[in-house]
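Read through the structure below, which is laid out as structure tokens, and then see the notes.
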Amino acid sequence: MNWNELIAELAHVGAGGRAEGAITGVEYDSRKVRQGAVFVAMKGAQTDGNRYVSKALAAGALGIITDSAETFDHLLVYSPDVGVLEVEHGRRALGEASAAFFSHPERKLAATGITGTNGKTTTAFLTEALLNAAGGTSVLVGTIEYHVAGEVRPSIHTTPESRDLFELMAEGAEHGATELVTEVSSHALDQGRAAGIAFDVAVFTNFTRDHLDYHGTMDKYFAAKRLLFDGLVYPAPRVAVINAQDERGKQLAAAARRAGAEVRLFGIGAGEWRAAKYKLTPGGAVIELETPAGSAEVVSRLAGEVNVLNLLAAFTAAHARGVAFDDLVGFVAELRPVPGRFQPVDAGQPFTVIVDYAHTDDALRNLTMLARQMAAKTEGRVVTVFGCGGDRDRTKRPKMGLAAGEGSDLVIATSDNPRSEDPQMILAEIEPGLKASGVKYTMEPDRATAIRAALGGAARGDVVLIAGKGHEREQILATGTVPFDDAQIALGILGELGYGEGQ
Ligand SMILES: Nc1ncnc2c1ncn2[C@@H]1O[C@H](COP(=O)(O)OP(=O)(O)O)[C@@H](O)[C@H]1O
Ligand SMILES: [Mg+2]
């Protein structure tokens with residue numbers, strides 16, 4: 001593809017200069033520019049890519065796409081030997097240029113996008129697993145990892161820049177993928193990182209207070225999520241899968257309907273894609289599904305009520321993507337818990353152990369509330385192990401202490417990636433929150449020792465939460481990074497305590 005072919009696909013306000021030869025790449029980071037690449041200079045939240053145009057030129061860029069009239073005028077005069085394009089929206093142009101450069105993978109993959117405050121990662125994993133069980137090949141993009149036609153890669157961003165998303169899609173398409181399942185964070189929507197992808201199915205899990213530091217107000221935050229459904233900036237989805245129990249869900253449903261989408265509401269005892277009843281069991285849940293496509297009792301290995309909702313969302317989305325109801329009912333029984341997302345650790349002990357990624361005060365409130373519901377049924381206590389990251393927002397620490405304390409009967413505060421900081425100092429900043437909550441607590445900087453104390457002291461019916469690290473496999477200390485996997489450590493300790501196979 002050459003410059004003229006590329007710009008023919010882009011909405012622009014001005015074009016000039018000249019560029020010869022084949023385009024070797026499309027980049028938004030000047031450090032990645034190689035000979036023959038096109039550099040998209042766009043104004044961002046943190047920096048302005050227009051400041052790096054000279055770097056991109058020095059690295060061999062053959063064309064510059066800019067959202068700055070000033071950059072455009074300057075290049076026309078001083079760099080007549082490069083192609084220059086002025087666009088209104090830098091990020092949208094990045095999407096369009098990437099789609100063109102990567103040969104339009106968005107036309108080969110049907111996209112399912114998942115947004116909401118909580119449950120995106122879980123719902124994305126479950127949806128992908130259901131599509132794969134039905135024989136599909138997919139690209140998954142989200143917080144924990146990326147999947148590219150069966151290959152697992154580390155995740156860099158929950159929702160990457162459009163360029164990187166298109167590259168993943170193109171690689172997937174090359175290996176036969178026909179489905180994209182992606183988490184779409186509100187930041188990503190706000191910044192237009194999914195620009196250029198017309199979602200076939202859009203899923204809304206729920207909406208609660210979160211990320212206010214970025215979006216400022218709840219309304220702005222919600223407005224960002226709405227973009228996936230309302231058809232105003234991006235094409236409306238063909239099918240909108242929306243939580244019927246969520247107040248904002250109703251607003252979204254109305255907006256999606258106005259935009260021409262088929263709306264499918266899901267919920268527990270609510271919506272037409274519903275769990276009429278469910279029962280949490282030691283192994284997961286038994287759910288009575290009632291949907292317009294059929295009714296059935298399904299057995300799930302996922303713990304907790306929120307996972308009943310996530311499962312309904314995934315089931316409804318996968319059905320919208322063409323998987324038959326009866327097939328889905330069979331596939332649900334095979335679904336495995338998502339790593340670090342309300343993940344049970346089970347060695348046959350008479351109490352519940354859950355590893356979860358919750359690492360904010362909101363998430364801890366949410367998590368302990370879920371645990372409280374479970375513990376109420378087994379007449380046990382909620383015991384929470386958690387810590388706060390080092391070299392990060394210190395104001396979170398007492399708030400997390402308070403949240404964990406208010407939701408638990410016993411808290412063991414410990415370390416969670418202290419980084420360059422002294423773990424004892426971090427604990428000292430958590431303690432005022434714990435004190436204020438009135439909870440019984442201890443503090444133990446060594447995370448494995450803290451987990452051992454929690455598990456060793458647990459009684460029948462208790463729910464032990466090991467919060468903060470979730471799927472992470474490492475602990476980052478001042479002395480270096482060491483392997484640390486909460487689920488593995490917990491399983492090992494349960495073994496020492498005499499539970500598990502062969503005991
Ligand atoms: N549907 C849900 N509603 C409320 N909380 C949830 C839901 N699903 C998961 N959670 C909680 O939120 C945490 C984050 O879940 P995750 O699937 O990673 O969501 P996200 O990708 O939106 O952050 C989970 O570990 C669990 O404690
Ligand atoms: Mg996520």
Q. If you check 340, 330, which single one turns out to be over 20 Å from the mean Cα position of the chain (by Cα) and either surrounded by fewer than 24 Cβ atoms within 10 Å (Cβ to Cβ) or within 21 Å of residue 144 (Cα to Cα) (or both)?
A. 330
(Q) Quick check on segment 127-142. Is at least one of its residues within 16 Å of ligand 1 (Cβ to nearest atom), in a strand (DSSP E or B) and without any contact (Cβ under 8 Å) to a residue 60 or more places away in the chain? (A) yes
(Q) Looking only at segment 90-132, how many residues end up being within 13 Å of ligand 2 (Cβ to nearest atom), surrounded by fewer than 23 Cβ atoms within 10 Å (Cβ to Cβ) and among the charged types (D, E, K, R)? (A) 0
Q: Six or more apart or on different chains, Cβ under 6 Å: which pairs go from a residue in segment 358-386 that's at negative phi and touching a residue at least 40 places away in the same chain (Cβ under 8 Å) to one that's surrounded by fewer than 19 Cβ atoms within 10 Å (Cβ to Cβ) and not in a helix (DSSP H, G or I)? Could you list them?
A: 362/210; 378/461; 380/461; 381/409; 382/409
**Q.** Residues that are closer than 24 Å to residue 40 by Cα, assigned to a loop (DSSP other than H, G, I, E, B) and within 16 Å of ligand 2 (Cβ to nearest atom), drawn from segment 143-173
**A.** 155, 156, 157, 158, 159, 160
**Q.** Sole exception among (1) at pLDDT 95 or above; (2) more than 16 Å from ligand 1 (Cβ to nearest atom) for residue 92, by number
**A.** (1)
Q: Specify the residue that is nearest to residue 186 (Cα to Cα); the eligible residues are those in segment 27-86 that are among the aromatic types (Phe, Trp, Tyr) and touching a strand residue (DSSP E or B) at 6+ places or on another chain (Cβ under 6 Å).
A: 28
Q | Pick from segment 285-313, criterion over 23 Å from residue 204 (Cα atoms) and free of Cβ contacts under 8 Å to residues at least 24 places away in the same chain, ranking: nearest to ligand 2 (Cβ to nearest atom) | A | 286
Q: Test each condition in (1) crowded, with 24+ Cβ neighbours inside 10 Å; (2) on the phi < 0 side of the Ramachandran plot; (3) touching a strand residue (DSSP E or B) at 6+ places or on another chain (Cβ under 8 Å) for residue 155 and report the one that comes out false.
A: (1)
(Q) With the structure loaded, tell me whether residue 152 is modelled with pLDDT of 90 or more and within 16 Å of ligand 1 (Cβ to nearest atom) or whether it fails that test. (A) no
Q. Just to be sure, is residue 321 touching a Gly at 6+ places or on another chain (Cβ under 6 Å) and assigned by TED's automatic domain parsing to the domain that holds residue 114?
A. no
Q: Check residue 395 against each of (1) in contact with a Pro (Cβ under 6 Å, 6 or more places away or on another chain); (2) among the polar types (S, T, N, Q); (3) free of Cβ contacts under 8 Å to residues at least 12 places away in the same chain and name the one condition it does not meet.
A: (1)
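The values are calculated or read from the model by the stated rules, or taken from the named source; none is laboratory data. This structure is a prediction, so every number in the text was calculated from the model and none was measured. No Cβ is skipped: glycine too gets one built from the backbone with ideal geometry, and neighbour counts run over all protein chains shown.
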